[in-house]
Amino acid sequence: MSDSWFVTNLRAIRGRAYPRVIGSKREPSWLFFDITLPILTVSAYAYIYKYMDSPPEFVGYVILGGAMTAFWLNILWAMASQLYWEKEIGNLQLYLIAPISRMSILAGMAVGGLFMTSIRAAATMVIGVAIFGIALSFAEPVMLILVFVVTMVSLYGMGMMFASLYLLLGREAYHLSNLLTEPIYLVSGLYFPVKALGFWVAAGASIVPMTLGLDALRQLFYPMAGSNDAFLSVNTELGILVALCVIFLFLSKYSLAYMEKLGKTTGRLTLRWQ
Amino acid sequence: MAVSHDLRTFKNAAWLGWQMEANWTDPFVFATYSIVKPLAGSLILVFMYLVIMSGETRTAFFSYMFIGNAFYMFIAEVLFGVTWVIHDDREHYMTLKQVYISPINFYTYILGRAAIKIAITTIGVLVTLAFGVLALGVELDLGSVDWLVFFPAFFLGLLTILIMGLALGGVTFLTAQHGVGINEGIAGIFYVLSGVIFPITVLPDWAQKISLVLPVTYWMEGIRRGLSPDMMTSLSGATGLQSFSNVQLLLALLVSTVVFAIVSVAVFRYADKVARRKGKIDWTTAY
């Protein structure tokens, strides 16, 4: 008896997530680099805040932001660029002829990436907190988890959409991912409250779910200071993030179907070394 | 004869480097790409500073931080760039073996490829500094620059970075999957420990001791003393190297450059020898 469509696609998600989860064990040195590299940047920024005698919560903001960079880098290099790389090594055509939803492949990439990156981000947080001795509030644990989960779903939804759009690119893919690093760190307020950029810039940057997610997490971890530095209230940010989840997941499905059709029409789905 | 041959190798390697860096798009997009990234990196620090210091940028510390961060681009781009040349040629274009067997000096080839990275980074640094001076009041007056400190410090430091890049390139022969991590790790260590964006005196004592053996620490201090001597004088608090005269500073930079150069060349030669023996010169690992 053949499996139902649902079970088949669940298997596809598991199958695509598997190499990312197991990959962490196969290359333990990467775990070391993925944890220590953000710590170095975080330390530099933490020391500069210390040098300026800033309030202690700013060091905490930097550590939270540093942990969040792991997710953004994962979106750029392991989600957005992934289908392009799959095309380069010849896997994309196999995905497309498999009797599964294309969304299962993207979802598997997202689930595996999220798992792998969460471990690294958590380690960065723990080490950062231990080194700099910062105190975090856990007064609203349910809200913390809810904000984090919704932020991640919308962020990875955005990554799924990018994965399709990157199929349009050739060598530009590498450069685009490079270009979307520091500028996004800047406008998302990864190392300072995004409110400092002014309302309209912060509002524009909110299209990247990390912006609002980080702002909300800072308010929850630092109820007093975080509220003063907040861009919007936690509830408003959560509402916008839920909306972004729906929008990005819809757009990712639509854009993948469009890119597949375009690729087939122009004969570029299997074209390498553009 | 040998010199003109090397010059031709250098020129062709630089041309190749330029094509690989820039021909993926049109010149306008490439120029924008080359400028936006470094500016955004600097603006992160600017906003961190503004949030705490309530908008006052005409301070010695702001200039200290801004200039250091601008010149750090050389470390991030050139160190990584040199290593990436070796990695890219071997893994992605699979041309390293042809480069090896062609009748050219390998070091000249690497230098030529790196020259383009240096040129592009220099433009990024100049644009960033110009933005800092014109828009943010960074203290940098061309009339008061101490060129006798700046030029030796700048070129010695750049040489150190190039040679270290070569050593790390050698390491990627043996551990392709770790090359990027090691590279970024070393660049990150310099960022934290070399007084790039804050004086090393804010670091714990044990970390300051490490800072004092890193050539980049002396490089950063030398560049700042050369470019903005007044700013360095008026910076309140110690930089950690205030007891060094300019001559002592340049000497310290020279000594650490020589030491790092010897170690780096030895590492590269060793890695090269092992890679040849194990047949790794034309290996591809899919990393």
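The values are calculated or read from the model by the stated rules, or taken from the named source; none is laboratory data. These numbers come from a predicted model, not from an experiment. Cβ: placed from backbone, ideal geometry, glycine included. Neighbour counts: every protein chain shown.
Only a single item in (1) farther than 22 Å from B:Val263 by Cβ; (2) surrounded by fewer than 23 Cβ atoms within 10 Å (Cβ to Cβ); (3) within 14 Å of another protein chain (Cβ to nearest Cβ) is not met by B:Ile197, and it is number (2).
Confirm whether B:Leu249 is away from chain A (no Cβ under 14 Å), in a loop (DSSP other than H, G, I, E, B) and within 26 Å of B:Val125 (Cβ to Cβ). The answer is no for B:Leu249.
If the condition is being facing chain B (nearest Cβ under 8 Å) and assigned to a helix (DSSP H, G or I), then segment A:35-53 contributes A:Thr36, A:Leu37, A:Leu40, A:Thr41, A:Ser43, A:Ala44, A:Tyr45, A:Tyr47, A:Ile48, A:Tyr49, A:Lys50, A:Tyr51.
Can you pull out the residues in segment B:254-271 that are within 15 Å of B:Tyr100 (Cα to Cα) and buried (at least 20 other Cβ atoms within 10 Å of the Cβ)? If you could, list the steps in order and put the result at the bottom.
So the first thing to find is which residues in segment B:254-271 are within 15 Å of B:Tyr100 (Cα to Cα), and the list is B:268-269, B:271.
Within segment B:254-271, B:Phe268, B:Ala271 meet the criteria.
Only one entry in B:Val192, B:Val171 is within 14 Å of chain A (Cβ to nearest Cβ), assigned to a helix (DSSP H, G or I), farther than 22 Å from B:Lys117 by Cα and not polar (S, T, N, Q), namely B:Val192. Does at least one position in segment A:10-31 carry a residue that is within 12 Å of another protein chain (Cβ to nearest Cβ) and either among the charged types (D, E, K, R) or closer than 18 Å to A:Leu214 by Cα (or both)? Yes: one or more hits. Among the residues of segment A:6-45, those identified as in contact (Cβ under 8 Å) with a residue 40 or more places away in the chain and aromatic (Phe, Trp, Tyr) are A:Tyr18, A:Tyr45.
Taking the numbered list (1) of a type in the set (D, E, K, R); (2) farther than 30 Å from A:Lys261 by Cβ; (3) within 14 Å of another protein chain (Cβ to nearest Cβ) in turn, A:Glu172 passes all entries but (2). State all residues of segment A:122-156 that are of a type in the set (A, V, I, L, M, F, W, C), within 20 Å of A:Thr236 (Cα to Cα) and assigned to a helix (DSSP H, G or I); if no residue qualifies, say none. Within segment A:122-156, A:Val142, A:Met143, A:Leu144, A:Ile145, A:Leu146, A:Val147, A:Phe148, A:Val149, A:Val150, A:Met152, A:Val153, A:Leu155 meet the criteria. B:Phe150 falls short on exactly one of the conditions (1) assigned to a helix (DSSP H, G or I); (2) within 14 Å of another protein chain (Cβ to nearest Cβ); (3) in contact with a Gly (Cβ under 6 Å, 6 or more places away or on another chain), and that condition is (2).
When B:Ala135, B:Ala119 are checked against the criterion of being part of a helix (DSSP H, G or I) and more than 24 Å from B:Asp6 (Cα to Cα), a single residue qualifies: B:Ala135.
Go over the candidates B:Gly169, B:Gly165, B:Gly181, B:Gly279 one by one and state the one that is farther than 23 Å from A:Tyr51 by Cβ, under 17 Å from the mean Cα position of the chain (by Cα) and free of Cβ contacts under 8 Å to residues at least 24 places away in the same chain. Let's see the steps before the verdict.
On the way: B:Gly169 fails: free of Cβ contacts under 8 Å to residues at least 24 places away in the same chain; B:Gly165 fails: free of Cβ contacts under 8 Å to residues at least 24 places away in the same chain; B:Gly279 fails: under 17 Å from the mean Cα position of the chain (by Cα).
After applying the criteria, what remains is B:Gly181.
This table checks each residue for (1) within 18 Å of A:Ser54 (Cα to Cα); (2) more than 11 Å from chain B (Cβ to nearest Cβ).
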position	(1), (2)
A:Asn178	no, no
A:Phe192	yes, no
A:Gly198	no, no
A:Ala203	no, yes
A:Ile207	no, yes
A:Leu217	no, yes
A:Leu220	no, yes
A:Gly226	yes, yes
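In segment A:66-75, is there at least one residue being closer than 30 Å to A:Leu220 by Cα, facing chain B (nearest Cβ under 10 Å), in contact (Cβ under 8 Å) with a residue 12 or more places away in the chain and of a type outside the set (Ser, Thr, Tyr)?
There is no residue in segment A:66-75 that is closer than 30 Å to A:Leu220 by Cα, facing chain B (nearest Cβ under 10 Å), in contact (Cβ under 8 Å) with a residue 12 or more places away in the chain and of a type outside the set (Ser, Thr, Tyr).
Taking segment B:213-246 on its own, how many of its residues are among the β-branched types (Val, Ile, Thr) and either farther than 15 Å from B:Ile200 by Cβ or assigned to a helix (DSSP H, G or I) (or both)? First the steps, then the outcome.
Our first condition is that a residue be among the β-branched types (Val, Ile, Thr); within segment B:213-246, this holds for B:213, B:216-217, B:223, B:233, B:239.
Narrowing the set further to residues that are either farther than 15 Å from B:Ile200 by Cβ or assigned to a helix (DSSP H, G or I) (or both) leaves B:216-217, B:223, B:233.
Summing the residues that are among the β-branched types (Val, Ile, Thr) and either farther than 15 Å from B:Ile200 by Cβ or assigned to a helix (DSSP H, G or I) (or both) in segment B:213-246 gives 4.
Of all residues in segment B:55-92, those satisfying the criterion of being closer than 30 Å to A:Lys195 by Cβ, away from every other protein chain (no Cβ under 11 Å) and over 23 Å from the mean Cα position of the chain (by Cα) are B:Glu56, B:Thr57, B:Arg58, B:Ala60. For first residues located in segment A:98-118 and of a type in the set (D, E, K, R), partners that are modelled with pLDDT under 90 and assigned to a helix (DSSP H, G or I) and lie 6+ apart or on another chain with Cβ distances below 6 Å form the pairs A:Arg102/A:Leu256.
State which residue is farthest from the chain's Cα centre (by Cα) when the search covers only segment B:1-35 and only residues that are β-branched (Val, Ile, Thr) and in a helix (DSSP H, G or I). Before you say what the answer is, go through the steps one by one.
Going residue by residue through segment B:1-35, those that are β-branched (Val, Ile, Thr) are B:3, B:9, B:25, B:29, B:32, B:35.
Those still in the list that are in a helix (DSSP H, G or I) too: B:3, B:9, B:29, B:32, B:35.
Working: B:Val3: 27, B:Thr9: 23, B:Val29: 24, B:Thr32: 21, B:Ile35: 17 Å.
Here the residue is B:Val3.
Which one is modelled with the lowest pLDDT among residues in segment A:229-274 that are under 24 Å from the mean Cα position of the chain (by Cα) and aromatic (Phe, Trp, Tyr)? Step by step, filter segment A:229-274, then rank; the result is A:Tyr258. For B:Thr122, state whether it is surrounded by fewer than 19 Cβ atoms within 10 Å (Cβ to Cβ) and more than 29 Å from B:Ala40 (Cβ to Cβ). Here the answer is no, as B:Thr122 does not meet what is asked. Within segment A:16-45, the set of residues being closer than 30 Å to A:Phe132 by Cα and among the hydroxyl-bearing types (Ser, Thr, Tyr) comprises A:Ser24, A:Ser29, A:Thr36, A:Thr41, A:Ser43, A:Tyr45. For A:Ser154, state whether it is crowded, with 20+ Cβ neighbours inside 10 Å, within 17 Å of the chain's Cα centre (by Cα) and polar (S, T, N, Q). For A:Ser154, the condition - crowded, with 20+ Cβ neighbours inside 10 Å, within 17 Å of the chain's Cα centre (by Cα) and polar (S, T, N, Q) - is met.
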